[in-house]
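Okay, so here's the structure we're looking at.
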């Protein structure tokens, strides 16, 4: 079983840890590390007060308790700054199987906040502002004679509530005094995370404040670079060390085949960064420092101010986690109910607006339906009175054309027959003379009959008149 498995102290949800001051109830597990585990707890007397509890299992043969180093540093750190970068130590105690300390609860780590960004990188303003605060925390730690030896984004976190703009330094489990009690240099030991380790750490040379600052520089580069650190996925420590060395050299170097080539690694490492020259200036300064040299933090802060302006950033702007969806990660337990109430109010407003829109839509649809019906009636009237008669007239026209063509055909046939009859009359003159005679006889007979009829009538009228006169 390795050390991390031995250090684990499983505390289930709802577990009560009694203290001389109060009782703490476990809410959930926040994280695990080389020191043990961190739990989110609340005060049983006041449930709105939430804290972070670090737990370390008691083991036989363990020389140094990591929690002791944590307590020692949190007691020694000055709180001279307006906003201290160290969490407050609330309580501590021992149980049969483990030791614990209770500290001020903070928000998400800078590593998780960075990964929650769509671009996986902070804005220039946030990267520079958070980077300056990380260096301030490192400076305060060095001022009390300790070096962290494991600076990385996961060991920094933002505050909660009105302190969400403050960056806190965490996890002093492998921190160490710069010199021992006798004032002599410590024996070299290799510690820290490979990705952010200094070159001295790679060489197994005992680290000093300048090495913490070098780790901080890699942290800042990881914040601002769109690519991130080029060696972030390389597991081999020696390869990572060679890549860090190659990033520093801007001269022409020799590869394995002894062919001279340009060093494009530095350009790739700083690609997408507008303030490359300023960052290179900081790196050159840190590389010139020796183990016993004091770091000129003021000089670094001045360069960072210039770099921020060159990159187009503004240190007064809100950090990325102060706006948008990330804001919920930095809220206190007292602020969350207010956020819920505000969210409910906004939801009600939206629902009212939606209801009004629906009503307006139904009203418009009804009026449009009425207009559509009227339009349909008008269209039907137009169809019946305009379109249908036109079609019927077209039928009539077609029929008329048919009849006309038929009549023309008949007339043409009649004309041809008349032509033939005329031609026959001209050809047969005897028949025409016979017809003329018959016509004249019939006319004479009709005239004679009419004369006889008229004379008979006249005689009859005379007879009637004579008879009347005799009477």
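The values are calculated or read from the model by the stated rules, or taken from the named source; none is laboratory data. All values reported here derive from a predicted model rather than from experimental measurement. Cβ: placed from backbone, ideal geometry, glycine included. Neighbour counts: every protein chain shown.
Sort out for me the strands (runs of 3 or more DSSP E) sitting completely within the range 1-60 that have 1 or more residues that are closer than 29 Å to residue 149 by Cα, more than 38 Å from the chain's Cα centre (by Cα) and at pLDDT below 95. So that I can check it myself, show each step before the final result.
Details: elements: 16-18, 23-33, 36-43, 50-57.
Per the criteria, 50-57.
Go through the range 109-141 and give me each residue that's farther than 26 Å from residue 178 by Cα and surrounded by fewer than 19 Cβ atoms within 10 Å (Cβ to Cβ). Steps first, answer last, please.
Within the range 109-141, the first condition is being farther than 26 Å from residue 178 by Cα, and the residues that meet it are 109-129.
Scanning the range 109-141 gives 111, 112, 115, 116, 117, 118, 119, 120.
Just one of the numbered conditions (1) touching a helix residue (DSSP H, G or I) at 6+ places or on another chain (Cβ under 7 Å); (2) in contact (Cβ under 8 Å) with a residue 60 or more places away in the chain; (3) assigned by TED's automatic domain parsing to the domain that holds residue 41 is not true of residue 92; which one?
Result: residue 92 fails condition (2) only.
Please work out which one of (1) under 42 Å from the mean Cα position of the chain (by Cα); (2) at pLDDT below 95 is the condition residue 94 fails and give its number.
(1)
Hey, which of the helices (runs of 4 or more DSSP H) in the range 244-357, taking only ones fully inside, have at least 1 residues that are out of contact with any strand residue (DSSP E or B) (no Cβ under 8 Å at 6 or more places or on another chain) and modelled with pLDDT under 85?
Numbers: elements: 265-269, 276-288, 297-310.
Passing ranges, in order: 265-269.
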